[in-house]
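These notes are about the structure you will find just below.
The values are calculated or read from the model by the stated rules, or taken from the named source; none is laboratory data. Not measured: the values here are computed from a predicted model. Counting neighbours? That spans all protein chains shown, and the Cβs are built from the backbone with ideal geometry, glycine included.
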Amino acid sequence: MKVPILRLRDILLTSIQVDLTDREALDFQSDVLRMVTKTEAKGVVIDITAMDVVDSFMARVLNETAAMVRVLGAEAVVCGMQPAVALTLIEMGRELVGVETTLNLDQALDKIQRLISERVGTAESVSRSEEGDGAPENGDAYEHPSLAEQEAPSFTEEG
Amino acid sequence: MNEAKIPINVEADIIVARQAGRDMAQKLGFGIADQTRLATGISELTRNVINYAKRGTCTITDDSDQSMIRVRATVEDHGPGIPDVKRAMADGFSTGRSLGMGLPGTKRLVHDFDISSRPGNTKVTISIARPRPSGTVQHVDRRQWTTRR
């Protein structure tokens, strides 16, 4: 099952409507990244309204996808998380949610526009930075790369 | 006793198992939050089976009694086992490519969590229980029910 990714002006819109296997979730991740590069999108909105389970694996995929999109030079927002999913994720561990979120698609579009305009002027320095292996610099083998990335100083501070 | 046994052999079985857990929880009268807790816990545990043991089973059981509704999921495999269970239960510990939140996170989601592991047999049991919602008591001696309360 392939998750459709729609282009709306300079934004990519995607909505996960079915339960994804781990393989499908990773395929979705690379599809998003490929589409961002191909369409030169400035932002990605991922709607998860229809997802009734987001476990630690899926949370990681969403966090990482957002982090990767940002490293590419675009912005990412996840929207529409079900209340029971939010409750479960926070009960499991607060650190599982490491991505910009909004209540719904409306707010997601507002937020992504704001994030994009905040990025203007710094985009070049971001897209030039190499992907690297994402290894945390503090040498903590158990800390996940995506978390380390998100805690790294914002690129906007450079410019 | 109402029971569903799901073989865990491929990634898609993770989805089948957690859906079966949700269905059972819903049927027993659990709310959406508990349904989601159980489904997510089953998702974590069965993923461990796929990642570390390749195959196993997930058994979902209606373990309700007169005063409580209770749903139990037992995830079992015959893989290499968890060398250090205590360490595996600590936040952030992972031997695979994960956040290391699966086991400790699952424990926080459920009311009972039991794990035993040795080479060749790993078994994790989780359950969620709530007092029986009033008005749904069936085939129960009324007097006994009120005494228990």
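Go through (1) within 17 Å of B:GLY105 (Cα to Cα); (2) more than 12 Å from chain A (Cβ to nearest Cβ); (3) of a type in the set (D, E, K, R); (4) touching a residue at least 24 places away in the same chain (Cβ under 8 Å) and name the single condition B:LYS86 misses.
(4)
Looking at B:ASP91, B:ASP23 in this structure, which one is in contact with a helix residue (DSSP H, G or I) (Cβ under 9 Å, 6 or more places away or on another chain), outside any helix (DSSP H, G or I), charged (D, E, K, R) and within 13 Å of chain A (Cβ to nearest Cβ)?
Working: B:ASP23 fails: outside any helix (DSSP H, G or I).
Unique residue meeting the criteria: B:ASP91.
Is it true that B:LEU103 is touching a strand residue (DSSP E or B) at 6+ places or on another chain (Cβ under 9 Å), within 14 Å of chain A (Cβ to nearest Cβ) and either at pLDDT 90 or above or not in a strand (DSSP E or B) (or both)? Can you show your working first?
Values: touching a strand residue (DSSP E or B) at 6+ places or on another chain (Cβ under 9 Å): yes; within 14 Å of chain A (Cβ to nearest Cβ): yes; either at pLDDT 90 or above or not in a strand (DSSP E or B) (or both): yes.
Criteria met by B:LEU103.
Would it be correct to say that B:THR59 is more than 14 Å from every other protein chain (Cβ to nearest Cβ) and β-branched (Val, Ile, Thr)?
yes
Pick from B:ARG22, B:ARG37, B:ARG55: which is within 11 Å of the chain's Cα centre (by Cα) and more than 18 Å from B:ILE115 (Cβ to Cβ)? Full working, then the answer.
Values: B:ARG37 fails: more than 18 Å from B:ILE115 (Cβ to Cβ); B:ARG55 fails: within 11 Å of the chain's Cα centre (by Cα).
Selected residue: B:ARG22, the only one of B:ARG22, B:ARG37, B:ARG55 that is within 11 Å of the chain's Cα centre (by Cα) and more than 18 Å from B:ILE115 (Cβ to Cβ).
Could you name every one of the strands (runs of 3 or more DSSP E) located completely within the range A:1-111 that has at least 2 residues being touching a Lys or Arg at 6+ places or on another chain (Cβ under 7 Å)? Give the derivation first.
On the way: elements: A:5-8, A:11-15, A:43-47, A:75-79.
In the range A:1-111, A:75-79 are the strands (runs of 3 or more DSSP E) which contain 2 or more residues that are touching a Lys or Arg at 6+ places or on another chain (Cβ under 7 Å).
Are any residues in the range A:18-70 polar (S, T, N, Q) and within 14 Å of chain B (Cβ to nearest Cβ), and if so, which ones? Before the answer, list the steps.
We begin by selecting, within the range A:18-70, every residue polar (S, T, N, Q); these are A:21, A:29-30, A:37, A:39, A:49, A:56, A:63, A:65.
Result: A:THR21, A:GLN29, A:SER56, A:ASN63.
So in the range B:62-83, with the set limited to residues that are more than 14 Å from chain A (Cβ to nearest Cβ) and buried (at least 24 other Cβ atoms within 10 Å of the Cβ), which one is nearest to B:PRO119 (Cα to Cα)? Steps first, please.
Taking the range B:62-83 first, the residues more than 14 Å from chain A (Cβ to nearest Cβ) are B:62-72, B:74, B:76-83.
Subsequent filtering for residues that are buried (at least 24 other Cβ atoms within 10 Å of the Cβ) retains B:71, B:77.
On the way: B:VAL71: 28, B:ASP77: 10 Å.
For the range B:62-83, the residue satisfying everything is B:ASP77.
Does the range A:37-73 hold any residues that are over 18 Å from A:GLN107 (Cβ atoms) and charged (D, E, K, R), and which are they?
A:LYS38, A:GLU40, A:ASP52, A:ASP55, A:ARG60, A:GLU64, A:ARG70
To keep it simple, each residue is scored yes or no on (1) crowded, with 21+ Cβ neighbours inside 10 Å; (2) more than 27 Å from B:ARG37 (Cβ to Cβ).
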site	(1), (2)
A:LYS42	yes, yes
A:VAL53	yes, no
A:SER56	yes, no
A:ASN63	yes, no
A:VAL77	yes, no
A:VAL97	no, no
A:GLU100	no, no
A:ASP106	no, yes
A:ILE116	no, yes
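Any idea which of (1) under 26 Å from B:ALA12 (Cα atoms); (2) modelled with pLDDT of 95 or more is the one A:ILE112 doesn't satisfy?
(1)
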